[in-house]
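Peer 1: I have a structure here, written as C-alpha cells, and I will follow up with some questions on it.
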Amino acid sequence: GTEGVIDDAAGWEAHLDRLGIHLERHRRIATEGALLGTLAARGLTDLVVVSDDAGQFNVLQHALCWIHSERLIHTMLPLNEDHRQDIERVRDQLWGLYADLKAYKLKPRTRQRRRLERAFDALFTQKTRYQGLNELLKRLQQNKEELLRVLERPEIPLHTNDSERDVRDYVKKRKVSGGTRSDGGRRCRDTFISLKKTCRKLEVSFWDYLNDRINQAGLIPPLPDLVAAAAS
C-alpha cells in the first residue's frame, strides 16, 4: 500500500508487534482506536453511537437506549402501595412518550419535536411520593440530550436490542465451546457468525451464500453490494 498506510490485517498485526503491543486487550483497544481514527480521517464524524450508558461507548455523537432507562425504573423496589402505584404510573407515561418518539421517527415534524421535548421535561421533572424514584427521574432528566438525540437524528434506533441480539450468538457459542484455542480460531468464528448475521438481515440464505462462494457460482452478489443497495 501507500507509504505510512496499512492496508491489510497482517500488516496491522505486524505493526502492533513492532510497537510492543502484545496483550489481546491492548491490541483490541489499539485496533478500535485506529478504526475510529480512519473514519474521522475520511470525514465520517457525523456518526451516532447508541448505548446503555457504558462509558466506553460515549464517543462521537452519543444517544442512550430507552429500554435500559425504563429498566432502571422497572427494577425499583417499592416500599409501600403508594410507591408501587407511582412506579407504574411513571412507567406508563414513559412508554407513552416512547410510542410518540417511534411515531416521530416515521414522520418528523418541528412542531411535534417541541411537544415531545415538553413531554420529556414533564415526565422527568415531576415529583412522586417515592424519593428514590424522584432521584432516578432527576438523574435521567440530566441525560435529556442523549435520550432525545432521535429528534435531530430520526434514523437512529431508540434502543440497543438489535445490537444485543447480534452478540448473543457469540455468547452462546462461548458458553458451549469454552472459547477458541487460537487467534485464528477466534477470527474464523467471528467471521462466520458475522457473515451469518449479515445474511439474515439481508434476507439471504446463509447456506445458499456459502454454497455459492464454495462453488464459485457467483449467483449471489457480494454482501457489501447488497448492504449498499439495502441502504439506498
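Bear in mind that the values in this text are calculations on the coordinates, not laboratory data. This one's a predicted model, so the numbers in the text were calculated from it and none came from an experiment. So basically every Cβ, Gly included, is an ideal-geometry build from the backbone, and we count neighbours across all protein chains shown.
Peer 1: What is the Cα centroid distance between the range 18-48 and the range 65-109, reported in whole angstrom?
Peer 2: Cα centroid of the range 18-48 versus Cα centroid of the range 65-109: 36 Å apart.
Peer 1: I would also like to ask the following. If the limit is 27 Å between Cα atoms, which of Lys138/Lys197; Lys102/Lys197; Lys105/Lys201; Lys105/Lys138; Lys107/Lys144 go over it? All intermediate terms of the calculation are to be shown ahead of the outcome.
Peer 2: On the way: Lys138/Lys197 38 Å; Lys102/Lys197 25 Å; Lys105/Lys201 21 Å; Lys105/Lys138 25 Å; Lys107/Lys144 21 Å.
With Cα atoms farther than 27 Å apart: Lys138/Lys197.
Peer 1: Suppose every Lys and Arg Cβ carries +1 and every Asp and Glu Cβ carries -1, with no other charges. What dipole size does the chain come out with about its Cα centre, to the nearest 20 debye?
Peer 2: Details: 40 positive and 34 negative charges, 122 e Å.
For this selection, approximately 580 debye.
Peer 1: What is the extension gain from Leu219 to Arg186, computed as 0.36 nm multiplied by their sequence separation minus the C-alpha to C-alpha distance, in nm to one decimal?
Peer 2: Working: separation 33, 0.36 × 33 = 11.88 nm, distance 2.90 nm.
In short, 9.0 nm is gained.
Peer 1: I would also like to ask the following. Could you pull the Cα extents of the chain along its three principal axes, largest to smallest, in whole Å?
Peer 2: For the chain, the Cα extents along the three principal axes come out at 63, 41, 40 Å.
Peer 1: Across 5 Å bins from the origin, how do the percents of Cα pairs in the range 1-45 run, short distances first?
Peer 2: For the range 1-45, the pair-distance distribution reads 5, 21, 27, 26, 15, 6, 0.
Peer 1: Out of all Cα-Cα pairs in the range 180-232, roughly what percent, to the nearest whole number, are more than 18 Å apart?
Peer 2: On the way: 529 of 1378 pairs.
In whole percent, the long-distance tail amounts to 38.
Peer 1: Using Cα-only point scatterers and the Debye equation, what is log10 of I(q)/I(0) for the range 1-135 at each q in 0.11, 0.12, 0.13, 0.17 Å⁻¹, rounded to two decimals?
Peer 2: Debye intensities relative to I(0), on a log10 scale: -0.66, -0.72, -0.77, -0.99.
Peer 1: When 1/r is averaged over all different Cα pairs and the result inverted, which Kirkwood radius in Å belongs to the range 62-151? Before the final figure, lay out each step's value.
Peer 2: Working: mean 1/r = 0.0739 Å⁻¹.
In the range 62-151 this quantity evaluates to 13.5 Å.
Peer 1: Per DSSP H run of at least 4 residues, take -39500 (n - 2.57); add these up for the chain, divide by its residues and hand me the 222 nm value, nearest 500 deg cm²/dmol. Kindly include the intermediate steps, with their values, before the conclusion.
Peer 2: Numbers: 11 runs with 148 residues, N = 232.
That calculation yields -20500 deg cm²/dmol at 222 nm.
Peer 1: To the nearest 0.05, what FRET efficiency results for Asp82 and Arg114 with a Förster distance of 41 Å applied to their C-beta separation? Walk me through the numbers before you get to the answer.
Peer 2: On the way: r = 33 Å, r/R0 = 0.81.
The computed FRET efficiency comes out at 0.80.
Peer 1: Between beta-carbons, use under 14 Å as the cut-off and find the net charge around Lys105, counting Lys and Arg +1, Asp and Glu -1.
Peer 2: Values: positive: Lys102, Lys107, Arg109, Arg113, Arg149, Arg153; negative: Asp100, Glu152, Glu155.
Cβ neighbours under 14 Å give a net charge of +3.
Peer 1: Dipole of the chain (Lys/Arg Cβ +1, Asp/Glu Cβ -1, origin at the Cα centre): which of Val90, Phe120, Ser51 lies farthest to the positive side?
Peer 2: Result: Val90, furthest along the dipole toward the positive end.
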